[in-house]
1. Which numbered condition trips up His173, out of (1) at pLDDT 95 or above; (2) closer than 30 Å to Arg195 by Cα?
2. With the requirement that a residue be within 20 Å of Leu194 (Cβ to Cβ) and outside any loop (DSSP other than H, G, I, E, B), what does the range 1-36 give you?
3. Quick check on Leu51: is it within 23 Å of Ala188 (Cα to Cα) and either hydrophobic (A, V, I, L, M, F, W, C) or without any contact (Cβ under 8 Å) to a residue 40 or more places away in the chain (or both)?
4. What residue, of Val119, Val109, Val115, Val76, is closer than 18 Å to Gln136 by Cα and surrounded by 17 or more Cβ atoms within 10 Å (Cβ to Cβ)?
5. Starting from residues that are surrounded by 12 or more Cβ atoms within 10 Å (Cβ to Cβ) and of a type in the set (Gly, Ala, Ser), keep the ones in the range 84-103 and report whichever is nearest to the chain's Cα centre (by Cα).
6. For the range 31-51, state whether one or more residues are within 17 Å of the chain's Cα centre (by Cα), loosely packed, with under 11 Cβ neighbours inside 10 Å and over 25 Å from Ser143 (Cβ atoms).
7. So, in the range 146-163, exactly how many residues are touching a Phe, Trp or Tyr at 6+ places or on another chain (Cβ under 8 Å) and without any contact (Cβ under 8 Å) to a residue 60 or more places away in the chain?
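The values are calculated or read from the model by the stated rules, or taken from the named source; none is laboratory data. Because the structure is predicted, anything quoted here is derived from the model rather than measured. Every residue, glycine among them, receives a Cβ derived from its backbone with ideal geometry; neighbour counts consider all protein chains shown. These accessible areas exclude ligands, DNA and RNA; they are computed on the full protein's heavy atoms, side chains included. Shrake-Rupley method; radii C 1.70, N 1.55, O 1.52, S 1.80 Å.
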Amino acid sequence: MRPLLADELVDLHSYASLRSDFRRAIIEHKRGRRMAVGDRVTLVFEDRETLRFQVQEMLFVERIGDPERIQQELDVYNELMPGERELSATLFIEITDLASIRPELNRLVGLDEHVSLVVGEGENEQVVAARFDPKQMEEDRLSAVQYIRFVLSEAQAARFEDPATPLSIRIDHPAYAVEAEISPQVRASLAAGLRRA
């Protein structure tokens, strides 16, 4: 997908009046791009609209109007934009008990080596390992929010678009092993993005 440009953003004053409608629309849009992987991990697959919303919110909350600073925000979020035959997602580790946050995150250190997109099943299964953002990685610590991407071959992208091919996200970490099917709604939204990339 092509990067976001400054002229695609709404100025702060205009955004203030559009914000509630924009938020409602993006919540609905994200519903078709969100999936739970077990009870502790959620993925939200990013695209131009989800990232544009994040930029707009950052500019609004931080009151950023300077063109140079706007471009800096765009540069940060454009790094999350999926490229050709890529899926980009924000991975959230859901821990509601405040006292459990650090122990749970410590148990999941190494997660970056255990998340994959599974295309097909059985003998026809192909596993696409998630690529975690290296700027977020520390050897002995894990953040509750991670940016990941899956890079597909042409053949894998074609299979992704075939409704007859099972698709799932697999986590096979020793402390958290689960596999979740990608729903038809999420799959349709992601396949459309793969065609536009």
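1. (2)
2. Answer for the range 1-36, where residues must be within 20 Å of Leu194 (Cβ to Cβ) and outside any loop (DSSP other than H, G, I, E, B): His29, Lys30, Arg31, Arg34, Met35.
3. Criteria met by Leu51.
4. The match here is Val115.
5. So the residue we want is Ala89.
6. No, the range 31-51 contains no residue that is within 17 Å of the chain's Cα centre (by Cα), loosely packed, with under 11 Cβ neighbours inside 10 Å and over 25 Å from Ser143 (Cβ atoms).
7. Total meeting the criteria: 1.
Residues are listed down the side, and each one gets a yes or a no for (1) aliphatic (A, V, I, L, M); (2) farther than 24 Å from Leu152 by Cα; (3) outside any loop (DSSP other than H, G, I, E, B); (4) without any contact (Cβ under 8 Å) to a residue 24 or more places away in the chain:
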{"residue": "Asp39", "(1), (2), (3), (4)": "no, yes, no, no"}
{"residue": "Gln56", "(1), (2), (3), (4)": "no, yes, yes, no"}
{"residue": "Gly65", "(1), (2), (3), (4)": "no, yes, no, no"}
{"residue": "Tyr77", "(1), (2), (3), (4)": "no, no, yes, no"}
